[in-house]
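Report on one structure; see the data block that follows.
Please treat every number below as a calculation from the coordinates, not as lab data. Quantities reported herein were computed from a predicted structural model and do not represent experimental measurements. Virtual Cβ from ideal backbone geometry, glycine too; neighbours counted across all protein chains shown.
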Amino acid sequence: MDKLQAFFQTAPVDPTQAGHALWLIIALPLLGAFICGVFGKIIGRANTNLVAISSVLGSFLLSLLVFWTINDFRATSPSPFGGVAYAVGADFGTWFHAGSFKVNFGLMADHLSGTMLLVITGVGFLIHVYAAEYMSHDKGYWRFFAYLNLFVGAMLTLVLADSLPLLFVGWEGVGLCSYLLIGFWYDDPQKAFAGRKAFITNRIGDFGFLIASFLLVLLVESLVARPQSAPGGHVSAAYTAAIAEKGPLAFSVLEETARNLPDLLDEKIVTGPLSGTSYGVALTIIMLLFMLGAAGKSAQIPLYVWLPDAMAGPTPVSALIHAATMVTSGIYLFCRVSYLLVLSPTAMIVVALIGASTAFVAALIAFTQKGIKKILAYSTVSQLGLMFLGLGVGAFWAAFLHVVTHAFFKACLFLGAGSVMHGNADEEDVTKLGGLRKEMPITWATFLVSTLAITGIVPLSGFFSKDAILHAAHTQHIAGYHALQTLAWVLGTLTAAGTAFYMMRAYLLTFEGERSKEAKTPHAHESAAAMTGPLVVLAVLAVIALVHGLPIMHIQRGGVTVTQTLMENFLDPVFRTTNELIARRQYLELPKEHASMAGPWLQAWIIAIVSGGIAFFLYRRYLPAKGSFPGWIEPFRKFSFNKFFVDEVYEFFIIRPLGLFSRALHKVVDSIFIDGMAVHGTAWLTARTGAVLRYLQTGDAQMYAAVMALAASGGLVWAIFKVMP
Amino acid sequence: MNSVFDSRILNLVIFFPLLVGALVVFLPKDEKGQIRAVTLAGMIGSFLTTVWAWSRFDIHSPIEFQLEYRLQWLSDVGISYHVGVDGLSVALVLLTGVLGPMVVLSSWTFVQERVKEFHLALLVLQTAMFGAFTSIDTMLFFMFFEAVLVPMYLLIGVWGSEERQKAAVKFFLYTMVGSVLMLLALFAVYFLSAPAGARSFDYSTMYNGLMGASRELAGYLKANPDGNGVGLTPVAFALFRYGPWLFLAFSLAFAIKVPMFPLHTWLPDAHVQAPVAGSIVLAGVMLKLGTYGFWRFAVPLFPVAARQYQLMFAVLAVIGIVYGALMCLAQRDIKKLIAYSSVSHLGFCMLGIFAFTPEGATGSAYQMLNHGVSTGALFLLFGMIYERRHARLMSDYGGIARVMPVYAAFFLIVTFSSIAVPGTNGFVGEFLVLLGSFKSTLPLWLSVTAATGVILGAAYMLWMVQKVFFGQVTHQENLGLSDLNKRELAAALPFIILIAVMGLRPQPFLDVLNTSTERYVARAMYASGDGPADDRQVRVLVRQLPRPTVAAAAAVPSMMPGPTPDGLPRPARAMMVKPLQPLQPTLQPGQAQVLP
């Protein structure tokens, strides 16, 4: 065992050099995108598939190497503050700098990004393989793979970036690819609209992200400009040097900023545009703005509305982008800047509450949806909400573990849904499917495993990650917000129950029972190996990812043996500063002693079983027997089916008024006031004046002479008066 | 590493298009192909001259105006032929040079009537714009600035669409109004900035002459914000009384050109009626004459007034951003939409200029280049489809991506640049402008409002893209549209490359721009006391006038009142100026005090 451990902890390549190759991981998919996009039509379908798949595979292999390397204790990413342990990184020079602002092309892979790398390229590779088969009849294959590769490149940029602006490149880049892929079948105006909706909703979030970044720059600068005489003294010289070298938004600088802040949170800022507010308030505002950004990308209230519509895109896209990777960027972002989040209890509780309510609302909507992808989409929104709940209560590792396990089982579910649609003439409506268990055995088996995983049945991975979040929400307390946190926890637990219900419903309606009479084809056919293969792999991963959630690591900390789960232990280097700050400010009250997990686990298990059982009873016993639900429940079902009319509310209160307002502005202000009255009015006045003055130009010399004489005598009179005392 | 050519490059840059024009004059009228080919070759040659100028620009040099050339010209009234480039102007010159060949390519088949005159107009326009960006003498600048109007007026009025006459007249009169006021203000500055005998229209004389007075005035206003100006030296007092008016006169001229809200209504009309070439040049280069004017003249000459009106102009800029974007949402005409998007984008430029921070100013300058590239490309691309369909409304299109996939791809990439997706050029500019605005003394809510432009920009552009490119093909006549041909590809591809290069490797450009940014911000802050205390950092140092001719030189020693403020001999015209002296007798002593 020790030998095995030593083997995995010995880097296969020189850890100090590995950072310089990180750009290759991004460059490969980008190259693939370029080849597919420009030459895809010429080189043909098979070659395009080959290029697209192999570029992601290449990235995956490189990511494996990197992942291996960062387990080496010698792996240290260069940083202005003496290096980041268990990480590799490199700085590839300035991107842009002006004034005192600077951004570098700096990449870094630590345990957090390293895990993301594997998820993105691993799941990405599987989905590319799947998509080659799935899109085998589509004429736009080259476009599709160009976008998909581009997406992988952008997502990798997002997780490898070592500064906020570079992260933002990936952040908007994935949004861009999402826009292109949702609207992939642009012939259908609704699909094109869904793409646009996604992009603009994301842009609202990005607006928050940008402002947060700018305010963060101001915060850093006011920290630097703090007078020497102030308590706590000046920031270190290394800090100012790091800002000059890496720019104020590099993560290394931000981490050091967080280390500088704990004692200053109540201090008023005295210099710069932020003067008057305290550091703590400024930080809270910044974090809330980041939450707006994350809400856009990760589909949280109030910006979640784009994700369900995003299902207009091809199913592999839904699996890769709208389940496994892109939508988890928000969680990744907060893990990255967790050291800032834990300094603001207000921001923490807001994040937790937004997450919990999104999770709950989305689960309620998922109860009644008919499209299998729609159900999965709301399920994704709901699961992402749970992750934000985890972030909010400071259980970063649990939220991130859920990102990983969710990536596996949700990708598997989406691909399974795709397989179902593929085998049933693109039928999406679960009420028109049914009985596929026999006809699509592999799809059925993998879908079942994933359903159980997301439902939280022991011993599948989803159980451990979800329960870790709920457990933390229950036991770790955000200072000053106990009541609200209890609410968040209750909502989270209800969501867990709801998840079991709607997932079981989706599974039962699709795979169990009789085949629906409204089915498009009499018999479904199982998909080809290129599609079922990835399903199997993902299902297996959904099971074995449970290892990360097991409390098997016993470490010595301050003389006490602490039991940690594998993931918590693995991410420890990433969250070291965060944990220090938690201990220092006590904004997060951690449980004094580790209670046994058996009780909560049993509780969670019972919730899942009971709720799933209710679904089984309703859809396998009650409904087939009675034919319909009781009347009193129908209004609720309709309300849920119509997504609580949130889209309509947005349409009615924001989009239409904005359109009306701009049209009115154009008609009234621009056309009438400015152009009509001011501009043409001036022209008219000039013309009129000219027309009047024209009558003075009579050409009558005597008249001119008379006027002249009059004026001259007038002047003379004035001069005389002036001269006289 | 000075080369003997350095001082001549700008002359070549400015007059090369005119030389080509002279060649075109001699071509027979009916040889349309020849005319086009010669003009294209000339434009490419002209582009190469700008590249040469760009490559000779030394970012490490302490000299502000490089590649300087100065010649005696109308020295009796204090004018000289004086050209030179700083970081901003050399960048804008390069932008003008880049757009030249594209403009010719874009009109290759579109313009079939009066081909010779059309290309002559383009070449003259090019010379005028180069001249405006490189002039250091304000009168020379003014002449070029006005000279731009004539060919553009003709381009719109002769080769435009249905209502071209009206739009051309509106364009011409609108911009003339501002110019007249600016001319008056120029005269005022001329008399104010130096004592009789030392007066000159040269930028250095004007700036250096007002510098000390501005500083004095700023100090005075700081001490007594409500003071009535008693106790100020005469020049400072004149700035106190009339500085805001002079500043506003300059600003009006440039704000119309930019155009800033609410002076923007000529732009949509002009764009809609202008031929493709006109639109590209108008949006790509001409609007920058406005922002450039603020940067070079309005703000540095009147820093105190600029500070007083900072908030007003920043608010107008932000209104421009939001209002322009909202206008876009109300359009049906694609060209109008792009025109209003220019109002929005130029709002960012103006916000950066009035943030008075290095980030904002650099971002603004970069945004000028970006807007030239991305909006130029939008007009170019739209021109291609307009040539095929002769329709401007969004509803005339739909589903174009199916028929013209390559075209759609190009358009989409340019759209992303226009809405500032990171990785494209637009992002760097917008990011820096907003950052600069946040770091400035402007209120935060204003900057936040400006940032909503990021959302609205995506909203209107993608809306337009969807209407035009996505969905089913709704019009029968759109089914047969051919995709881009080789010429069109050649015209569009450079834009795509520029978008990527300027987005991923912005630093070489920013390095050049930063050299002028530092000076611009220092000059804007100098007078308020927040900038560098040392006036040597802001003083404009230029080459002396070349020695006058022998006959004039003989007259110099007796006429020279002593060393002139900027240390440059101002011979020969003292005699001419002398009679004017009594007009400003009170200024004389004050002047002596202010200026070392």
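Only Cα sites of chain B enter the Debye sum here, all with the same form factor; the resulting log10 I(q)/I(0) across q = 0.08, 0.12 1/Å is -0.54, -1.17, listed in q order. Phi-derived couplings, Karplus 6.51 cos²θ - 1.76 cosθ + 1.60 at θ = phi - 60°, listed residue by residue for segment A:346-357: 4, 4, 4, 5, 5, 4, 4, 5, 4, x, 5, 5 Hz, with x used for Gly and Pro. Fewest-first ordering of B:Asp202, A:Asp647, A:Asp14 by other beta carbons within 10 Å of each residue's beta carbon gives A:Asp14, A:Asp647, B:Asp202.
Model label sites at A:Phe661 and A:Ile633, defined 7 Å from Cα along the beta-carbon direction, differ in position by 4.3 nm.
Note that chain A, at 20 °C in a medium of 1.002 mPa s, gets a Stokes-Einstein diffusion coefficient of 77 µm²/s from its Kirkwood radius over C-alpha pairs. For A:Leu588, nonlocal amide neighbours, meaning residues 5 or more places apart or on other chains whose placed amide H falls under 5 Å from its own, are A:Ala479. Charge tally around A:Ser252: other residues with Cβ under 9 Å, Lys/Arg +1 each, Asp/Glu -1 each, net -2. For chain B, the relative contact order works out to 17 percent when only alpha carbon pairs closer than 8 Å and six or more residues apart are counted.
In terms of its alpha-carbon gyration tensor, segment B:257-351 comes out oblate; a/c meets the 1.5 threshold, while b/c is at least as large as a/b. Around the amide H of B:Val148, modelled in the peptide plane, lies no amide H under 5 Å away from a residue 5 or more places distant or on another chain.
FRET efficiency for A:Ser275 and A:Ala483, Cβ-Cβ distance as r, R0 = 45 Å, nearest 0.05? Approximately 0.85, to the nearest 0.05. Direction-averaged projected area, Cα convex hull, segment A:352-641: 15.8 nm², rounded to one decimal. Once the Cβ-Cβ distance of A:Trp718 and B:Gln165 is raised to the sixth power relative to R0 = 41 Å, the FRET efficiency obtained is 0.30.
In this rough spin-label picture, where each label sits 7 Å from Cα along the Cβ direction, the B:Leu541-A:Val547 distance is 6.9 nm.
For segment B:309-504, the ratio of Cα radius of gyration to the globular rule of thumb 2.2 N^0.38 Å stands at 1.05.
Annotation: for a label point projected 7 angstrom from Cα along Cα→Cβ of A:Glu580, residues of segment A:56-90 with backbone N closer than 15 Å are A:79-86. What shape does segment A:1-182 have by the C-alpha gyration tensor, where a ≥ b ≥ c are the square roots of the eigenvalues, rounded means a/c under 1.5, and otherwise prolate means a/b greater than b/c and oblate the rest? Oblate.
Of the listed pairs A:Lys268/B:Lys222; A:Lys520/B:Lys467; A:Lys297/A:Lys517, which have alpha-carbon separations greater than 31 Å here? Correct reply: A:Lys520/B:Lys467; A:Lys297/A:Lys517. Label point 7 Å out from B:Gln476 along Cα-to-Cβ: which residues of segment B:374-390 have amide N under 15 Å? No residue qualifies, since no backbone N sits under 15 Å from the label point.
Each residue of segment B:388-402 is assigned a 3J(HN,Hα), and the resulting list reads 7, 10, 6, 9, 10, 7, 4, 5, 6, 10, x, x, 5, 4, 5 Hz, derived from the Karplus form 6.51 cos²θ - 1.76 cosθ + 1.60 (θ = phi - 60°), x at Gly and Pro. Within segment B:102-131, which residues have the backbone N less than 14 Å from the label spot 7 Å out from B:Glu31 along Cα→beta-carbon, could you tell me? So the set is B:116. If a/c stays under 1.5 just call it rounded; otherwise compare a/b with b/c (prolate if a/b is bigger, oblate if not). Do that for segment A:655-723, with a ≥ b ≥ c from the square roots of the Cα gyration tensor eigenvalues. The shape class here is oblate.
Here each label is just a point 7 Å from Cα along the line to Cβ, and for B:Trp445 and A:Arg557 those points are 4.6 nm apart.
Computed from the Cβ-Cβ distance with R0 of 25 Å, the FRET efficiency linking A:Arg74 to A:His20 stands at 0.95. Once backbone amide H atoms are built at 1.01 Å from N, A:Val84 has A:Ser77, A:Ser79 as its partners under 5 Å, excluding neighbours fewer than 5 places away on the same chain.
Calculated over the protein assembly as shown, the projected area of the Cα convex hull averaged across directions stands at 59.6 nm². Helix A:461-475 axis versus longest C-alpha principal axis of chain A: approximately 60°, rounded to the nearest ten.
Remark: segment B:458-473, residue by residue, has Karplus-estimated 3J(HN,Hα) of 5, 4, 6, 5, 5, 4, 4, 4, 5, 4, 7, 9, 9, x, 7, 6 Hz, where x stands for each Gly or Pro and the curve is 6.51 cos²θ - 1.76 cosθ + 1.60 at θ = phi - 60°. Using only the alpha-carbon atoms, how far is helix B:203-223 inclined from the longest principal axis of chain B? Give it as 0 to 90 degrees, nearest 10. Taking the Cα atoms of chain B, the angle to B:203-223 is about 80 degrees.
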